[in-house]
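Novice: Take a look at the following structure, please.
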Amino acid sequence: MGSLNRSESVRDRISSWGADLEDANFNPQPEKVKGELGVRRLFVGALAAFALVSIALYNGYPTVFSDTGGYLLTGKYFVALAPFRAPGYAIFTRLTSMGISAWFTIVVQAAMVVYVLYETCDYLTEGDRKFADLYFLASVCVLTALTSLPWLISLLMPDVFAGLLFLSAFLLAFAEELKPIQRLVLAVIFTISIAAHTSLLPIAALFVVVAVILRLRQTNRTALAFLSTRSVLVWLLVPILAAGIFTAALNRQMGLGFRLSPSRNAFLLARLFGDGLAADFLRENCPKQDFISCEYLSQLPQTQEEFLFQHPLYLELKGHEDEMEKIVRGTILAYPVRFAASSAKETLLQLASLRTGDEIRSYGAREWNSNVIPLVFPGDFQAFINGREYRDRLTSLADGAAALDATVFWLSLATCLLLARKGRFRRVNLFFYSAIAYLVINAAICATFAGVYDRYQGRVAWILPLCLTAYVYCLARDWKRSEVMPEIEELEAPME
């Protein structure tokens, strides 16, 4: 009797699978079902967004960093503030806040992350409709509790777009089943992400090269495969070009010239002062060159921060971009091996520097932002000064999150490496190898051109825990299937 009941149970499950498969292949979903599915996804998305802005909710206001005021002022008044940064995020804050409140910007950031995360989870689960929403919510819970993602979404800075760039570019490169409207939305998000921060354009360009190589390696290299890769390349390159032209045009409109990064030499020179190369170059060349910097030869800046924010030399050089360019070029040409070795060392250091909440610990512009918020969002000022961050009551949480998130990151890396070596889950393996390449590219660009900062790697560290959730899902799915297969074989045996 027990065997009969079990057989009927298995038959019911098989019939259910068959019905689901038949419905998916032959019968379009009724309008009522589609409507219910849409409502459910909106509800799930709203829950996810609510969880992902948890840091801002706990703080009582979106968190800020020393650079936040500069972005907000540039967005509202369209003025260029040195050191000049990419104007993309400034315009993003202006449009998404509607000039009313920073909360709207945070909600838009959360909505963009939720959309791209959902598409990523759908790809990694291979369109498993039955469990896609459950896996998505589980992933969001893990990312909220154990990674830097909610800190990035709650922050009025472009850092969250580094991860968005990777996910949107990855899907455009490898998710063949995407519909045109989905590709268009992802391409728009990819474009916004690239324009959000100066470092993200070269990072995007290098990652596209990696993505194309990975695509060619996994295809059979037929004419159709190359045609498909060419189409993907268009979807990836057009956003990069659009973001570059948009950034250069905004810079020209602010009187900085049609350039991608008017301050690129300032940040690189700061980095060269930080590792001592620029100081050595000046000591060797000041007797032969008439540099303004030579007047400070006995008291040259020792760190990046000192050059950019404390030392009078930067103020002297602000109107002399040609001198900064000569020193940067001359230093690299004079010490190419030392520069390469320093860049490699800094890249390794950046890969390991990923403490969550660096913007909270290193926040050194409280009075600056206190003056900016009333100008840009007058209705937000009271909430801003009442926030935990403003009253120095968020640092302990940031420190605790940093320790937890770093542990989760390294455990995720080790576990993903172990699972990827087995070669069982093709899509997740591809995601993992792409993520590793992206993390290295991010570290190399940031460390080489700006120096080592925790927040640069912290902004992308959450990608590996997301990858681990995909592996866990795939293992659970296969275990469930393996549990049922013996019962199916037992049923089929009498028939034979």
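The values are calculated or read from the model by the stated rules, or taken from the named source; none is laboratory data. No experiment lies behind these values; they were computed from the predicted model shown. Cβ placement follows ideal geometry from the backbone for every residue including glycine, while neighbour counts extend to all protein chains displayed. Ligands, DNA and RNA are stripped out before the accessible areas are found, and what is left, the full protein with its side chains, is counted by its heavy atoms. Shrake-Rupley method; radii C 1.70, N 1.55, O 1.52, S 1.80 Å.
Novice: Please compute the length gained on full extension between residue 341 and residue 233, using 0.36 nm multiplied by the number of residues separating them and subtracting their Cα-Cα distance. List each step's numbers first, then the result.
Specialist: Details: separation 108, 0.36 × 108 = 38.88 nm, distance 3.28 nm.
Gain on extension, residue 341 to residue 233, equals 35.6 nm.
Novice: Oh, and also: Quick check: at a probe of 1.4 Å, how many percent of the accessible area of the chain sits on carbon and sulfur atoms? Write out the running numbers ahead of the final one.
Specialist: Numbers: 14550 of 23080 Å².
The value for the chain is 63 percent carbon and sulfur by accessible area.
Novice: Rounded to the nearest 0.05, what FRET efficiency is calculated for residue 288 and residue 39 with R0 set to 56 Å and r the Cβ-Cβ distance?
Specialist: Numbers: r = 73 Å, r/R0 = 1.30.
Step by step, r from the Cβ atoms, then E = 0.15.
Novice: Something else about it: Any idea of the accessible area per residue across the chain, 1.4 Å probe, to the nearest Å²?
Specialist: So the chain comes to 47 Å² accessible per residue, rounded to a whole number.
Novice: For segment 149-160, what does the Karplus curve 6.51 cos²θ - 1.76 cosθ + 1.60, with θ = phi - 60°, yield as ³J(HN,Hα) per residue in whole Hz, taken in order and with x for Gly and Pro?
Specialist: 4, x, 5, 6, 5, 7, 9, 7, 8, x, 4, 4
Novice: Moving on to the next point. At a probe radius of 1.4 Å, what is the per-residue accessible area of residue 332, in Å² to the nearest 10?
Specialist: Solvent-accessible area, nearest 10 Å²: 50 Å².
Novice: Kindly write out, for segment 90-100 in residue order, the coupling ³J(HN,Hα) from the Karplus curve 6.51 cos²θ - 1.76 cosθ + 1.60 (θ = phi - 60°), rounded to whole Hz, with x marking Gly and Pro.
Specialist: Couplings: 4, 5, 4, 5, 5, 6, 6, 7, 6, x, 10 Hz.
Novice: Between Rg and the Kirkwood Rh of the chain, both from Cα atoms, what is the Rg to Rh ratio?
Specialist: Working: Rg = 25.7 Å, Rh = 24.9 Å.
For the chain, the value is 1.03.
Novice: When the convex hull of the Cα atoms of segment 153-267 is projected onto a plane and the area is averaged over all directions, what value comes out in nm²? Walk me through the intermediate numbers first.
Specialist: On the way: hull surface 34.1 nm².
Answer in nm², one decimal: 8.5.
Novice: Here's something else I'd like to know. Using only the alpha-carbon atoms, how far is helix 2-26 inclined from the longest principal axis of the chain? Give it as 0 to 90 degrees, nearest 10.
Specialist: With rounding to tens, the tilt is 60 degrees.
Novice: Can you tell me which of 403-414, 311-322 comes out highest on packing, and rank the rest after it, using the mean Cβ neighbours within 10 Å?
Specialist: Numbers: 403-414: 17.4, 311-322: 14.7.
Highest-to-lowest ranking by the protection proxy: 403-414, 311-322.
Novice: Also: For segment 281-392, calculate the relative contact order in percent as a whole number, restricting contacts to Cα pairs under 8 Å that are 6 or more residues apart.
Specialist: Working: 35 pairs, mean separation 18.0, N = 112.
Result for segment 281-392 is 16 percent.
Novice: A further question on this structure: Before anything else, pin down the relative contact order of segment 196-330: Cα pairs under 8 Å, at least 6 apart, normalised by residue count, whole percent.
Specialist: Details: 98 pairs, mean separation 26.1, N = 135.
Reported as a whole number, the value is 19 percent.
Novice: Can you tell me which of 433-445, 379-391 comes out highest on packing, and rank the rest after it, using the mean Cβ neighbours within 10 Å? Write out the running numbers ahead of the final one.
Specialist: Details: 433-445: 20.7, 379-391: 16.8.
Most protected by this proxy first, the peptides run 433-445, 379-391.
Novice: Let me ask you something else. Hey, what does the equivalent ellipsoid look like for segment 89-141, semi-axes from the Cα gyration tensor as sqrt of 5 times each eigenvalue, largest first, whole Å? Provide the component values of the computation, followed by the final result.
Specialist: Details: eigenvalues 183, 21, 9 Å².
Over the Cα atoms of segment 89-141, the semi-axes work out to 30, 10, 7 Å.
Novice: Let me ask something additional. Over the chain, what is the mean sequence separation of C-alpha contacts under 8 Å (at least six apart), divided by residue count, expressed as relative contact order in percent? It would help to have the intermediate numbers written out before the result.
Specialist: Values: 609 pairs, mean separation 104.8, N = 496.
It comes to 21 percent, rounded to a whole number.
Novice: Output wanted: per-residue J couplings in Hz (rounded whole) for segment 438-446, from phi through Karplus 6.51 cos²θ - 1.76 cosθ + 1.60, θ = phi - 60°, x for Gly and Pro.
Specialist: 5, 4, 5, 4, 4, 5, 5, 5, 5
Novice: Can you compute the label reach from residue 249? Point 7 Å from Cα along the Cβ direction, backbone N cut-off under 19 Å, restricted to segment 193-216.
Specialist: Residues passing the 19 Å test: 193-198, 201.
Novice: While we're on this one: Please report Rg over Rh for segment 58-109, where both radii come from the alpha carbon positions and Rh follows the Kirkwood definition. Numbers along the way, then the final one.
Specialist: On the way: Rg = 10.9 Å, Rh = 11.3 Å.
Result: Rg/Rh = 0.96.
Novice: Just order 161-167, 248-254, 47-53 by mean Cβ neighbour count inside 10 Å, highest at the front, would you?
Specialist: On the way: 161-167: 26.9, 248-254: 16.0, 47-53: 20.3.
Highest-to-lowest ranking by the protection proxy: 161-167, 47-53, 248-254.
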